[in-house]
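Q: One structure, pasted below without further comment.
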Amino acid sequence: MASEQNKEYFNNEAAAYDAKHAKTLDRIVEEIRARLDFIGVEWVDDDADAGSVRLLDYACGTGVVSRALAPYTTQCVGIDLSENMVAQYNARAENQGLARDEMYAYQGNLLDPNDPDPREFSGFDFHHFDIAVVGLGFHHFDDPALAAQRLVERLRPGGVLLILDFLPHSKVADDSHAASHTITHHGFSEEQVKKIFQDAGAGKDFALETIGIAFNKATENRPEEVRRQVFLARGTKE
């Protein structure tokens, strides 16, 4: 299954991941923060007496999405298959002076078809989120529709599902792209994403925006340059 390949690959990548992808990660943070209104959550405002805003960051990696949205939330909870990625996430949060109840990640899997409600994630602390997000993880999942369903189940009514991923692109699969064996989907059309959201129960106020282009360099084995357009999609749990 892709999940085991993902875990092995990202465990090996974790220590150097942020430094290796620094420019891309910084761009992701900028693009997300530029679209707070588009995302449609009642964010925490320093100038207002706001309530709590809880975020679930699934396939959280080192925590780029959590770090992008942490200033506007009261709690970020990360979950990732890779224990090494989780360790990096928590080290970054600790270095920023954030307490465990403000930003913390756990190793685990919400997408096992045979385990719809893992015991370790069955409590209130892992439900009733205001927003659930997957940043560049959907194309690694065996079953993106199941992923959306599982995440929507953990939202409060009116909560927001947010997906950052690629529009359809040509296959990236040669030895120069080390993660190619973990990729199960080569992007998603707007129609596909909309159906995934609707089937998961988060089709209300669905919207999708293209936010930028990621490039894969041409190589001797792949002389053409592969362009991958990044989208941000959101929908509200009904």
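Rule-based calculations on the coordinates, nothing more; no lab input. Computed from a prediction, not measured in an experiment: that's the story for all the values here. Because the Cβ atoms are built from the backbone with ideal geometry, glycine has one as well, and the counts that use them run over all protein chains shown.
Q: Label Arg33 and Gln198 with points 7 Å out from Cα along Cα→Cβ: what is the distance between them in nm?
A: So the label points at Arg33 and Gln198 sit 3.6 nm apart.
Q: Further question: Take each of the peptides 148-154, 70-76, 206-212, 55-61, average the number of other beta-carbon atoms within 10 Å over its residues, and list them starting from the highest.
A: In decreasing order of mean packing, 148-154, 70-76, 206-212, 55-61 become 55-61, 148-154, 70-76, 206-212.
Q: Can you compute the label reach from Glu42? Point 7 Å from Cα along the Cβ direction, backbone N cut-off under 17 Å, restricted to region 75-115.
A: 75
Q: Charges at C-beta only: +1 for Lys and Arg, -1 for Asp and Glu. How large is the resulting dipole of region 35-174 about its Cα centre, in Debye rounded to 20?
A: It works out to roughly 220 debye.
Q: From a point 7 Å beyond the Cα of Glu238 in the direction of its Cβ, which residues of region 145-165 have a backbone N at a distance under 13 Å?
A: Only 158 pass the distance filter.
Q: Could you give each residue of region 70-75 its phi-based ³J(HN,Hα) in whole Hz, using Karplus coefficients 6.51, -1.76, 1.60 with θ = phi - 60°, and x for Gly or Pro?
A: The phi angles translate into 3, x, 10, 10, 9, 8 Hz.
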